[in-house]
Amino acid sequence: MNNIEKIEGKPLRNIIEKLHSDRIILTIRVLGKDFERLTMITGIKENLSPPSIYFDLPVGFKQIIKNVESWRLYFECTGKDKIVYKFKTTGGEVRDKEILVPMPAVIERRQRRQYFRVEAPSGTMLFFDTETNRQIMNVIDISQRGVLADYLFNNKNGSRPYKFYRDREIRNADLIIKIKDREESVHINKIIIRRSDKSPQKDIPRCGLQFVDIDRKEERRLVQLIYDAQRMFLQKRLFMQEQ
């Protein structure tokens, strides 16, 4: 299943600029014609009316649109962020070795849920109990498959730090996620430590943890919370971009 967002306004312009600066290859199709080629954005003209985008002229494009009165073009690409972007444009013209088309009104941004990873909201924690102590981890980012988290050693009762190493199992953990003014809990039956390094900021373990056993009801709740978190971050980002 895909998460689909419709992007407009200044955030849309920011995406186009990013695709341009990253030199992302796009698929271009002429709707109603049997034509599909690769192209890339070569320039952006904000001062035109309407604002427009220059693309590299694909081989055979001139011939295919020779008798087309109003172009209807479809573009699709995958950005460096591994997110799929799709948009359509109407109209345009050939200028030397480039094509000039109006800026799209909307861009669709799609990301598959199984790869959807977001920055964890501040205060998101993972808890699990051992024989001697309750272990606490500060979650850095989160996905449906697992988390990246820093170990917060709790020296209560004089216990020793928990030893993190590859393929070690953690059982019956609770993930606490804070979304705005509410706190939600997701129970994970079994976690496997996939990697353990040192945190860049502190001399503590930073671990990649994979969720290998989670009840379906808990997984559905986790997915919804991940999207709630992403929506919260996007709202903040859009607010800042519009200032």
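Every number here is computed from the coordinates shown, using simple stated rules; none is lab data. Note that the coordinates shown come from a computational prediction; the quantities given were computed from them, not determined experimentally. Heads up, the Cβs are rebuilt from the backbone with ideal geometry, glycines too, and the neighbour counts pull from every protein chain shown.
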*Among what's in region 125-183 and is in a loop (DSSP other than H, G, I, E, B) and touching a residue at least 60 places away in the same chain (Cβ under 8 Å), pick the residue that is farthest from the chain's Cα centre (by Cα).*
ARG145
*Among the numbered conditions (1) in contact (Cβ under 8 Å) with a residue 12 or more places away in the chain; (2) out of contact with any Ser or Thr (no Cβ under 8 Å at 6 or more places or on another chain), tell me where ARG72 comes up short.*
(2)
*Taking only region 37-62 into account, find how many residues are surrounded by 13 or more Cβ atoms within 10 Å (Cβ to Cβ), under 18 Å from PHE87 (Cβ atoms) and not polar (S, T, N, Q).*
12
*Here are some residues: GLY79, GLY91. Which one is at positive phi and surrounded by 14 or more Cβ atoms within 10 Å (Cβ to Cβ)?*
GLY91
_So the check is Cβ under 8 Å with 6+ separation or different chains; which pairs have a first residue in region 221-234 that's farther than 13 Å from LYS178 by Cβ and a second one that's in a helix (DSSP H, G or I) and charged (D, E, K, R)?_
VAL223/ARG113
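I'd like to check which strands (runs of 3 or more DSSP E) are fully inside region 15-113 and have at least 3 residues that are more than 30 Å from ARG231 (Cβ to Cβ) and among the hydrophobic types (A, V, I, L, M, F, W, C). Quick ask: steps written out before the conclusion?
On the way: elements: 25-30, 36-45, 52-56, 72-78, 84-90, 93-95, 98-102, 107-112.
Strands (runs of 3 or more DSSP E) meeting the threshold: 98-102.
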